[in-house]
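To start, the structure itself, in structure tokens.
The values are calculated or read from the model by the stated rules, or taken from the named source; none is laboratory data. Here the structure is a predicted model, which is why all the values come from computation and not from measurement. Every residue, glycine as well, gets a Cβ built from its backbone with ideal geometry; the counts of neighbours run over all protein chains shown.
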Amino acid sequence: MNSRWIDIQTAQGETFSGYLTLPPTGSGPGIVLVQEIWGVNEHIRAVAEQYALDGYVVLAPDVFWRLSPRVDLAYDDAGTQQAFGYYQRVDTALAASDVAAAVATLRQLPQVSGKVATLGFCLGGQLAYRAAALSQADAAVCYYGGGIQQHLDVAADIGMPILFHYAQQDGHISQDMVAAVKAAFAGKPNAVFHDYAGVDHGFNCWGRPMYDQRAAALAHGRSLQFLAAHLD
């Protein structure tokens with residue numbers, strides 16, 4: 001894969017990094033891929049490469065850079081403990097702004113030949129949602145976005161197509177929380193929801209015990225269909 005770290009400039013003129021992966025053709029529409037709480041780790045870099053092989057220019061910003069640059073944690077007990085420590089300390093408003101800065105950076109790259117979407121997992125799902133509004137991304141995909149229900153005021157600023165994936169057995173996001181998000185988008189044709197029966201939070205991550213191959217494949221296919229429809 002043609003991958004490297006590049007610089008991203010914030011609205012305040014600060015600089016942080018993101019993992020850029022190019023498709024085999026060298027160009028295509030863009031995806032800002034937003035990490036879980038374990039950082040831009042081996043799994044997230046692999047997911048970036050997966051979407052690059054699907055034809056997208058993918059940029060995974062380092063959203064924990066203000067706490068520690070390029071966090072790269074394993075899914076073992078020690079890594080998970082550190083990950084939750086970062087999660088508890090991160091300023092999510094600044095992180096959402098950083099993801100919006102990554103959208104702006106991606107749009108300026110000569111390799112990006114089309115529109116740009118945000119796509120994130122867990123904390124990254126929330127940040128993909130909030131950054132889509134801040135940056136006016138062309139589309140957004142949110143996998144089990146933790147905390148979205150606390151930012152439903154943002155829904156009024158989401159005019160672009162947005163796709164939500166939720167696990168029905170999610171141990172972190174209750175069905176009441178999911179219902180609140182659905183209610184905020186009720187009657188809005190730009191919002192699509194998919195629910196996955198019998199699976200838990202994090203079902204897309206093959207490095208975690210809750211990984212579910214069928215749900216992950218189904219969600220990936222739906223995401224690709226959604227992105228193909230809206231990033232043309």
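Observations
- Filter result for Asp138 (farther than 20 Å from Ser223 by Cβ and surrounded by fewer than 24 Cβ atoms within 10 Å (Cβ to Cβ)): no
- Selection status of Gly39, modelled with pLDDT of 95 or more, farther than 19 Å from Ala132 by Cα and buried (at least 22 other Cβ atoms within 10 Å of the Cβ): yes
- Residue within region 15-37 that is touching a residue at least 40 places away in the same chain (Cβ under 8 Å), within 26 Å of Gly147 (Cβ to Cβ), more than 15 Å from the chain's Cα centre (by Cα) and assigned to a strand (DSSP E or B) present: yes
- Hits in region 4-19 (condition: surrounded by fewer than 23 Cβ atoms within 10 Å (Cβ to Cβ) and out of contact with any Asp or Glu (no Cβ under 7 Å at 6 or more places or on another chain)): Arg4, Trp5, Ile6, Asp7, Gln9, Ala11, Gln12, Gly13, Glu14, Tyr19
- Options Ala137, Ala128, Ala155: the member that is at pLDDT 95 or above, out of contact with any Lys or Arg (no Cβ under 6 Å at 6 or more places or on another chain), more than 21 Å from Arg45 (Cβ to Cβ) and in a helix (DSSP H, G or I): Ala155
- Complete set of residues in region 206-232 that are touching a Cys at 6+ places or on another chain (Cβ under 9 Å) and over 11 Å from His165 (Cα atoms): Tyr211
- Ala184 vs. criteria in contact (Cβ under 8 Å) with a residue 60 or more places away in the chain and either over 25 Å from Val58 (Cβ atoms) or exposed (fewer than 13 other Cβ atoms within 10 Å of the Cβ) (or both): no
- Residue in region 165-187 that is under 29 Å from Leu73 (Cα atoms), assigned to a strand (DSSP E or B) and not aliphatic (A, V, I, L, M) present: yes
- Filter result (closer than 14 Å to Ala101 by Cα and either part of a strand (DSSP E or B) or touching a Pro at 6+ places or on another chain (Cβ under 7 Å) (or both)) within region 1-14: Ile6, Asp7, Ile8, Gln9
- The single condition among (1) touching a residue at least 40 places away in the same chain (Cβ under 8 Å); (2) surrounded by fewer than 23 Cβ atoms within 10 Å (Cβ to Cβ); (3) out of contact with any helix residue (DSSP H, G or I) (no Cβ under 7 Å at 6 or more places or on another chain); (4) part of a helix (DSSP H, G or I) that Ala48 does not meet is (2).
- Flag if Thr118 is in contact (Cβ under 8 Å) with a residue 12 or more places away in the chain, β-branched (Val, Ile, Thr), under 17 Å from Val40 (Cβ atoms) and assigned to a strand (DSSP E or B): yes
- Within region 192-232, tally of residues that are in contact with a Pro (Cβ under 8 Å, 6 or more places away or on another chain) and under 19 Å from Val34 (Cβ atoms): 5
- Flag for Tyr144 being surrounded by fewer than 20 Cβ atoms within 10 Å (Cβ to Cβ) and touching a Cys at 6+ places or on another chain (Cβ under 7 Å): no
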